[in-house]
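Some notes on the structure that comes next.
The values are calculated or read from the model by the stated rules, or taken from the named source; none is laboratory data. Nothing here was measured: the structure is a model prediction, and the numbers come from that model. Here the Cβ positions follow ideal geometry from the backbone for every residue, glycine too, while neighbour counts run over all protein chains shown.
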Amino acid sequence: MKTQDLTYIDWNLFSILKEPKLNPHIILNDFLNKNSDKISLVYSDAHLGDLAKTSDEFSGIRKNDLDYLSKKTKDLAIVKYFGRDYIDVENRNAFEFYESNAYDNSTAPLAQWQSIVKQMTDNYGPSRDDVIKTHFKLDPKNICNFSVSQLDELIKMIGISNSLKEFVEFGLQLRGDTSTNPLSYIDYYTTAYMNLDLIGFFPDSMKEKGGFSNLLNDSKHSAYGSICKAFITNDNKCYHKSKFLFEYFRSNSKLIKTCKIKNETAELEKELESLKE
């Protein structure tokens, strides 16, 4: 099956759909149930990474979540394996996949990068906020909807690189020897996602449990979603980072959100109906 035929939903939203209460989630859940023969849902190693954060004390809950994931996706998985520069789409039971520990096979090379990002966040945070206030006349506490050119300018002003493209390439260099682990589109995308977070574009909170682990999994959700037919998320920060990167990487995927929607669900229903085409 081609990735362009798949619909990708991140774990945060999948978990909400177990017992949807808000109108957008009820609408999405009803749509998926009614069109299960037309919509091919898929899970990835990022979903397993999210579930890996469940304490072993609650392994029964994790097992139920993995079984739920298997049922919703019919055991259809999308994953970029270590040492491959392409994406696999395969039938694989979520619980068995989790138990094999294969879900974490591409995160180890990023450990050094995560450490450096943390150091850079600490060092450049005050400078970044000052640049935003001085040059963009914006409160750094507010979300900034930058364009590519504005981000290029911001990166230059902070002095960490000459452009977003160069900044992404810097992050990729930290992967070290890639002769046995060729860089792929997913690598470029996830690095760009984390770099956006670093420079304050809809930044995730590093104070929450999970920290960089959450950021890394969200970057993968967004990356996989960008090569599917659609990516649906309930995470506002992930949505806006994805919106920027879908345009930057010229993704043909449909980006749909269920967050920040109150009573105006007509657009959501229209977007969901388009997935049947």
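Quick notes
- Region 1-16 - residue that is farther than 14 Å from Leu275 by Cβ and more than 18 Å from the chain's Cα centre (by Cα) and, of those, surrounded by the most Cβ atoms within 10 Å (Cβ to Cβ): Met1
- Neighbours by Cβ (under 9 Å, 6+ apart or cross-chain): first from region 144-164, under 20 Å from Asp204 (Cβ atoms); second of a type in the set (S, T, N, Q) and in a loop (DSSP other than H, G, I, E, B): Leu151/Ser163; Ile155/Ser161; Ile155/Asn162; Ile155/Ser163
- Only residues that are assigned to a helix (DSSP H, G or I) and surrounded by fewer than 18 Cβ atoms within 10 Å (Cβ to Cβ) were counted across region 63-86, and they come to 5.
- Filtered residue count, region 254-277, keeping only those that are under 22 Å from Lys38 (Cα atoms), outside any helix (DSSP H, G or I) and not charged (D, E, K, R): 5
- Restricting attention to region 23-55, the residues that are in a loop (DSSP other than H, G, I, E, B) and touching a residue at least 24 places away in the same chain (Cβ under 8 Å) add up to 5.
- Taking the numbered list (1) free of Cβ contacts under 8 Å to residues at least 60 places away in the same chain; (2) closer than 19 Å to Lys80 by Cβ; (3) part of a helix (DSSP H, G or I); (4) hydroxyl-bearing (Ser, Thr, Tyr) in turn, Ser251 passes all entries but (3).
- Within region 87-99, considering residues that are surrounded by fewer than 22 Cβ atoms within 10 Å (Cβ to Cβ) and of a type in the set (A, V, I, L, M), the one farthest from the chain's Cα centre (by Cα): Val89
- Verdict on Ile186 being at pLDDT 75 or above and more than 17 Å from Ile155 (Cβ to Cβ): yes
- Filtered residues of region 218-264 (kept if among the β-branched types (Val, Ile, Thr), farther than 22 Å from Ala77 by Cβ and crowded, with 17+ Cβ neighbours inside 10 Å): Thr258
- Across region 221-231, a minimum of one residue is classified as in contact with a Phe, Trp or Tyr (Cβ under 9 Å, 6 or more places away or on another chain) and assigned to a strand (DSSP E or B).
- Residues that are among the aliphatic types (A, V, I, L, M) and within 19 Å of His240 (Cα to Cα) within region 143-183 comprise Ile143, Val148, Leu151, Leu154, Ile155, Leu164, Val168, listed in sequence order.
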